[in-house]
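A.B. asks: Dumping the structure here so I can ask a few things about it.
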Number of protein chains: 2
Amino acid sequence: MDSKRLGRHILVEFYNCDNELLNDAGKIKEYMVEAANVAKATVVESIFHTFNPWGVSGVVVIQESHLTIHTWPEYGYAAVDLFTCGEDVDPWIAFDYLKEKFKAEKTETVEINRGNVKKIYNYSQGKYKNIVFKPQSIEA
Amino acid sequence: MDSKRLGRHILVEFYNCDNELLNDAGKIKEYMVEAANVAKATVVESIFHTFNPWGVSGVVVIQESHLTIHTWPEYGYAAVDLFTCGEDVDPWIAFDYLKEKFKAEKTETVEINRGNVKKIYNYSQGKYKNIVFKPQSIEA
């Protein structure tokens, strides 16, 4: 575990994707769930919706945070978020998988640390110490 | 509509929140859904989970994208994402509402544009023109 942050979050812009695919909620769900799996995340639940006249929104809740997608099939564009916690899950593996599946000709990404450990410590005046990510399981 | 991007995304770090609240999935769901409402978003579906030994993850899918939260009650910390499209919804209203409800003593935010219109146009070699956000409704 990198002790500097609890999680990392990749904001992905997929340009010039397969237009038809970006309006196919079934396929998108399949790929987003599989992206979580290949990244070694544990899927808790997923929901996907198709919008009128077009576009798909979907979320895969994972034990280690979430993957989301919003598509604009008419522009070949999709906004994807890959937010993971802990060292066992690598969001970049999910990124590589989705880039290929959506046939994105151009991609842009920003990786942002979430839950900076030093800030949590400093802002609490040292109240919170030994700040580490703890593996969790879903409550029964 | 600001013609420069399809959506905007605020990444929020809430520090030194009410610890007990951050482990109360029912309250968190209530506040996240209400945050969507006060920002004039249209809620499509929401899912919230409590983790063992602690922590809550939740998503509110809105017609205009999503709100998400992941909490670390043991550190008083929550990572919140407020992603909205179109001009009718203001994610900063949701931010103000949640900041108060979670009693966050310290907050940090980053706002990132999603779906830069000029890039969509340029990367497609001008294939996609007149790029605007279109209000959508959920498919029946």
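A.B. asks: Name every residue in region B:1-39 that is under 30 Å from B:Y121 (Cα atoms) and either without any contact (Cβ under 8 Å) to a residue 12 or more places away in the chain or in a strand (DSSP E or B) (or both), in order of residue number.
C.D. replies: B:R5, B:L6, B:G7, B:R8, B:H9, B:I10, B:L11, B:V12
A.B. asks: Being more than 26 Å from B:S137 (Cβ to Cβ), without any contact (Cβ under 8 Å) to a residue 40 or more places away in the chain and more than 9 Å from chain A (Cβ to nearest Cβ) is the filter here; which residues of region B:40-89 pass it?
C.D. replies: The one that is more than 26 Å from B:S137 (Cβ to Cβ), without any contact (Cβ under 8 Å) to a residue 40 or more places away in the chain and more than 9 Å from chain A (Cβ to nearest Cβ): B:V56.
A.B. asks: At pLDDT below 95 and polar (S, T, N, Q): does that describe A:N52?
C.D. replies: yes
Here is a yes/no grid of residues against (1) within 12 Å of chain B (Cβ to nearest Cβ); (2) out of contact with any Phe, Trp or Tyr (no Cβ under 8 Å at 6 or more places or on another chain); (3) not aliphatic (A, V, I, L, M):
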site: A:L98; (1), (2), (3): no, no, no
site: A:K101; (1), (2), (3): no, no, yes
site: A:T109; (1), (2), (3): yes, no, yes
site: A:G115; (1), (2), (3): yes, no, yes
site: A:K118; (1), (2), (3): yes, yes, yes
site: A:Y128; (1), (2), (3): yes, no, yes
site: A:I131; (1), (2), (3): yes, no, no
site: A:I138; (1), (2), (3): yes, no, no
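A.B. asks: Here's something else I'd like to know. Scan region B:113-128 and give yes if some residue there is among the charged types (D, E, K, R), at pLDDT 95 or above, within 16 Å of B:A36 (Cβ to Cβ) and surrounded by fewer than 24 Cβ atoms within 10 Å (Cβ to Cβ), otherwise no.
C.D. replies: There is no residue in region B:113-128 that is among the charged types (D, E, K, R), at pLDDT 95 or above, within 16 Å of B:A36 (Cβ to Cβ) and surrounded by fewer than 24 Cβ atoms within 10 Å (Cβ to Cβ).
A.B. asks: Now, a different point. Yes or no: region A:37-53 includes at least one residue that is under 17 Å from B:V61 (Cβ atoms) and open to solvent by less than 10 Å² (accessible area, probe 1.4 Å).
C.D. replies: There is at least one residue in region A:37-53 that is under 17 Å from B:V61 (Cβ atoms) and open to solvent by less than 10 Å² (accessible area, probe 1.4 Å).
The values are calculated or read from the model by the stated rules, or taken from the named source; none is laboratory data. Keep in mind that this is a model prediction, so the values were computed, not measured. Using ideal geometry, Cβ is built from the backbone for each residue, glycine included, and neighbour counts are taken over all protein chains shown. Accessible surface areas use protein heavy atoms only, side chains included; no ligands, DNA or RNA. Shrake-Rupley method; radii C 1.70, N 1.55, O 1.52, S 1.80 Å.
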